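Enquirer: Below you will find the structure I want to go over with you.
The values are calculated or read from the model by the stated rules, or taken from the named source; none is laboratory data. None of these values were measured; they are calculated from a predicted model. In this analysis, Cβ positions are derived from the backbone assuming ideal geometry, glycine residues included, and neighbour counts consider all displayed protein chains.
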Amino acid sequence: MNIASIEEIMGQLQHMSVIVLALMIVEWGILIVTNYVERKKEGVVSIVSYLLQSIPYFLLSKVLIVGTMFLLYENRFFDIGFQWYMWILGYILYDFTVFFVHYLGHSVRFLWCIHGVHHTAEDMNLTVVARGSIFDIFLTPFNFIWLPILGFHPFMIFVIEPIARLYATLTHINEKVIGKEKWLDKILITPSIHRVHHAKNHIYLDRNYGETFSIWDRIFKTFQKELDNEKIMYGIMHDKLNSESFSDVQFLMWKELWVDVKNAPTFSDKIKYVFMPPGWNHMDGGIMAKEYRDKARLERS
């Protein structure tokens, strides 16, 4: 495989966003007609969020993303070719990076204000894929922008990344369409496994960070299967956030972070509010996801 053939593949992948958007709208329409979607405005908020978050990518991607990637490639550590096994290695490294960045998105509060937007939906369907923060450009590019320094040509990444995103899109499909696939769970992030990730049930909190492979969650002990007797409740642990309100979805968590930082008694506490996990507070340390999970497991046992 050479640069010319890779460019041809990239050209074909450019239509993927349109295909994904079409799939979202079709599934959403079917779910509305069958009265399975309870919050019909959520899909509108998700798609509007997608359109707005695309603007900074459109305006800045060639400078901030593509330019940086080619600069890193010019100073690469290794000369990596286009052999088939290098494509596999590139995909694996990309997937691990997504796992790591995703973990940080749940573990650092100001990053959660960006990534948490994706979790605000209380119905699960393909439109949830479009539900992202308008500040997403400051987080998601780190999934892949560094790979050229290792020797992976940016064009390889521009093929790997949309293929991985397409797979990630399908993991958001509604449970009425695809149920559990227990035999696939051992290798891949299936829709069932990813539904757990979107749950606000205490026992499911902050589990299953992988995008394609479930191996990372198993290695780092963040894996949780969907339990037969624990119905998934989607969304985030927030009593005041309206998942059908664009302003709530995009800005409420930022407003609350600002209030906490402003009211923190010491400079050290102000910094901690920014970088500690969601749930932390300066008074008693707060209750974070692990404590909720441990208590839920104890109650089940």
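Enquirer: Do any residues in segment 214-228 that are over 16 Å from LYS182 (Cβ atoms) have Cβ atoms under 6 Å from those of residues that are of a type in the set (Lys, Arg) and modelled with pLDDT of 95 or more, where the two are at least six apart or on different chains, and which pairs are they?
Expert: THR222/ARG207
Enquirer: On the basis of being among the acidic types (Asp, Glu), under 14 Å from the mean Cα position of the chain (by Cα) and farther than 30 Å from TYR273 by Cα, does GLU175 make the cut?
Expert: So GLU175 does not fit the description; no.
Enquirer: Here's another thing I want to ask about it. May I ask you to say which residue of MET124, MET156, MET69 is over 16 Å from GLU211 (Cβ atoms), in contact with a strand residue (DSSP E or B) (Cβ under 8 Å, 6 or more places away or on another chain), in contact (Cβ under 8 Å) with a residue 60 or more places away in the chain and not polar (S, T, N, Q)?
Expert: Just a single option satisfies the conditions, and that option is MET124.
Enquirer: On to the next question. Go through segment 279-301 and count every residue that is out of contact with any Leu (no Cβ under 7 Å at 6 or more places or on another chain) and either more than 16 Å from ASN201 (Cβ to Cβ) or in a helix (DSSP H, G or I) (or both).
Expert: Of the residues in that region, 16 qualify.
Enquirer: A further question on this structure: Cβ-Cβ below 7 Å, separation at least six or inter-chain, first residue in segment 33-49 and β-branched (Val, Ile, Thr) and modelled with pLDDT of 70 or more, second surrounded by fewer than 21 Cβ atoms within 10 Å (Cβ to Cβ) and not in a loop (DSSP other than H, G, I, E, B): which pairs?
Expert: Note: pairs meeting the criteria are VAL45/PHE246; VAL48/PHE246.
Enquirer: While we're on this one: List pairs: first residue in segment 239-255 and under 15 Å from HIS119 (Cβ atoms) and polar (S, T, N, Q), second residue at pLDDT below 95 and surrounded by fewer than 19 Cβ atoms within 10 Å (Cβ to Cβ) anywhere in the structure, Cβ distance under 7 angstrom, at least six positions apart or on different chains.
Expert: Partner pairs satisfying both residue conditions: SER243/ARG39.
Enquirer: Could you say whether any residue in segment 194-209 is farther than 26 Å from PRO56 by Cβ, modelled with pLDDT of 95 or more and of a type in the set (Phe, Trp, Tyr)?
Expert: yes
Enquirer: Checking the conditions here, which among ASP79, ASP123, ASP95 is at negative phi, acidic (Asp, Glu) and assigned to a helix (DSSP H, G or I)?
Expert: ASP95
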